[in-house]
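The values are calculated or read from the model by the stated rules, or taken from the named source; none is laboratory data. Because the structure is a prediction, the values reported are computed rather than measured. For the accessible areas, the whole protein counts, side chains as well, though only heavy atoms, and no ligand, DNA or RNA atoms are used. Shrake-Rupley method; radii C 1.70, N 1.55, O 1.52, S 1.80 Å.
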Amino acid sequence: MTRRPAGPSELAVSLADELSTLVVSENTSSFSEWTRRVPEPKAGPLDFRRFPFQRELYAKTSAMPEVVIKKAAQVGISAYLVRWVIYWADTHGFSALYVFPKKRQLADFSDMRVRALIHSSPYLRSRVPTGGVLNKMLKQVGRGQIYFRGSETLDDLDGIDADILAFDEYDTLTHAHIPDAERRLGSSLRRMIRRVGVPSVPGYGISQRYDESDQRVWHVRCSACGEQQPITWENVDESGLRRVCRRCKRQRLDLSSGEWVATYADRSVRGYHVSRLMVPDTDMALMVAESKKREPSAQRAFHNKDLGQEFLPEGSGLTLAAIRAAQRDYPMPDFYAGNNIVTMGVDPASERNIAVRISEHLSDGTKCALFIGEVSTFKALDELMERYRVDMAAIEDMPERRSARGFANRFPGRVYLAHYAITERADPIQVDDDRKVAAIPRTEALDAVIQELRTGQNLLPRNLPPGYEDQLQSPARLIEESSRGDPRARYVKRGPDDYAHAEVYDLVAFELYKRDHLIVDARSWEDDPVEVERSYLDWDGGYSPGPRGNLYDQYADQIRELWPDSPRSEWEV
Ligand SMILES: [Zn+2]
């Protein structure tokens, strides 16, 4: 550490700070003090002149129960997180769990960063016990140890009893396993959690955690007019490539000092938002250039990685406007007595909270909602099947597999169990005909639901049930890099989304109906089958609307050619 940050008075303050939350034995040093003995492998001591906003992290937060850091890329926060786990292992004999998205990245990280850190610090080297373990997955320092784990596999998290937990690259973690990692702290009274990451979309992951925190924002005071202000794009003088005061617009801001100001001081979880604008020596020419790019991927990178800000690119989910545009001026009927195909999609969040969507399929290829709502028992689904003359239903078989199976058994041939395929492949629905179970490609299915609503193929009634609009806006499409570096789309959930999945199952029910009835009929009619277009979920790479509505109308040309005498009525359903 260089002179600046750790004057004796500052150390006293930080020590007092820690004493207030934790009893520190006399011979242990504060995190700030300890950090001076742990330089950066190539750059030397931690330089708070480069990252002035980090002083508070080192001096005041080390013993806090929970800290969230929503950050830009390369602002020195990983260096903080690694030191934090090693500090507690070394000085207090704590057991730490450091969770990374994938095991593969972890191996590199553990070798490159952590091992290098230990090797370049004579102090830390002396703290590795004789015969102590220093492998990729476990490092022993002092009386404590740090487990490094990937989030993808639950087994990897098993059997670890940790005192403290650090989540890195929060938004790319396997989110379903975060609670399992947190349970690893179960028996420890010292439990502390750090969540760190570059944000992706609003309301998800690190962005959501920051929203729930005290939301600290870095403020700098203008030396000319005295205005105390957060550093945002408003401060950027794009032609002069300087950061200036937002009020007097002339004064260049001195970014070497500032202070964190909590937006919600009464909240218990601490949250920091770190952007590259706060780093004094940021290359402003580069950043201004990045800000001008218009390609969606570049815009996303600029917001997420430069500003440390969440960003929802256009078209990555449904908007309220799109939902409203799909509404028509009709009330949902209490029953259905027509002759069109009727499908039902069911998403049981629990035994008592079951989201349902029922659709009538019109001959013009659109469908309109007959019923959207929640029921509180599986038995109530039976009644809906009768009241709306449902031809085909698809029901998510988790978490209530037995009840879902019971429902399916009461309507043989009219109900499929369904779930999302474990591996995301651009495949059509996979069907197990004997068990009447369908596996659905999740991303493609949500794409199709959103596309249908946007293009007016899925019509909604005048009155929507409470929660429907929010839940349909919950899924947001993220583009991520696969392990091979190819871009891959994935939907993340931003709050409850049961109705969105009920829509998916309704769409799947129609696909299954066509598969079991229309297409099978066409094939059995003659040896030479009608060549059926690739359908909704049967896509490769791009969304393409599949056959809808009346089979004869859709395949009229082919049918006339193959079976010139076939009456149209044979093809009506
Ligand atoms: Zn000013």
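Can you give me the three principal axis dimensions of region 157-245 from its C-alpha atoms, in Å, biggest first?
Sorted from largest, the Cα extents of region 157-245 read 57, 27, 19 Å.
Quick check on region 55-165: take the gyration tensor over C-alpha atoms, sort the square-rooted eigenvalues as a ≥ b ≥ c, and tell me if it's rounded (a/c under 1.5), prolate or oblate. Please list the in-between numbers first.
On the way: a/c = 1.29, a/b = 1.04, b/c = 1.24.
Note, shape of region 55-165 comes out rounded.
With every protein chain left in place, what is the accessible area per residue of region 229-330 in square angstrom, probe 1.4 Å? Let's see the in-between values first.
On the way: 5460 Å² over 102 residues.
Result: 54 Å² of accessible area for each residue.
What are the ³J(HN,Hα) values, in whole Hz, obtained from phi via the Karplus relation 6.51 cos²θ - 1.76 cosθ + 1.60 with θ = phi - 60°, for each residue of region 272-287 in sequence order, with x given for Gly and Pro?
10, 10, 10, 10, 6, 5, 7, 8, x, 9, 4, 6, 5, 4, 5, 5
How much area per residue is accessible in region 50-91 when the probe is 1.4 Å and only protein heavy atoms are counted (Å²)? Walk me through the numbers on the way to the answer.
On the way: 790 Å² over 42 residues.
Accessible area per residue: 19 Å².
List the pairs from Lys436/Lys514; Lys71/Lys136; Lys102/Lys136 whose alpha-carbon separation is above 18 Å, in the order I gave them. Numbers along the way, then the final one.
Numbers: Lys436/Lys514 15 Å; Lys71/Lys136 26 Å; Lys102/Lys136 13 Å.
As for pairs spanning more than 18 Å Cα to Cα, those are Lys71/Lys136.
Roughly how many Å² of Tyr204 are accessible to a 1.4 Å probe, to the nearest 10?
It works out to around 10 Å².
At 1.4 Å probe size, with the rest of the protein present, what percent of the exposed accessible area of region 256-309 is carbon and sulfur atoms?
Accessible surface attributable to carbon and sulfur in region 256-309 totals 50 percent.
Where the accessible area of region 394-447 is counted over protein heavy atoms with a 1.4 Å probe, how much of it, in %, is carbon and sulfur?
50
If I compute solvent accessible area with a 1.4 Å probe over the protein chains, what percent of it on region 86-138 is carbon and sulfur? Display every interim value, and only then the final one.
Details: 1280 of 2290 Å².
About 56 percent, which is the carbon plus sulfur part of the accessible surface.
Accessible area per residue, 1.4 Å probe, Å², for region 416-503: what's the number? List each step's numbers first, then the result.
Details: 3950 Å² over 88 residues.
Accessible surface, normalised per residue, equals 45 Å².
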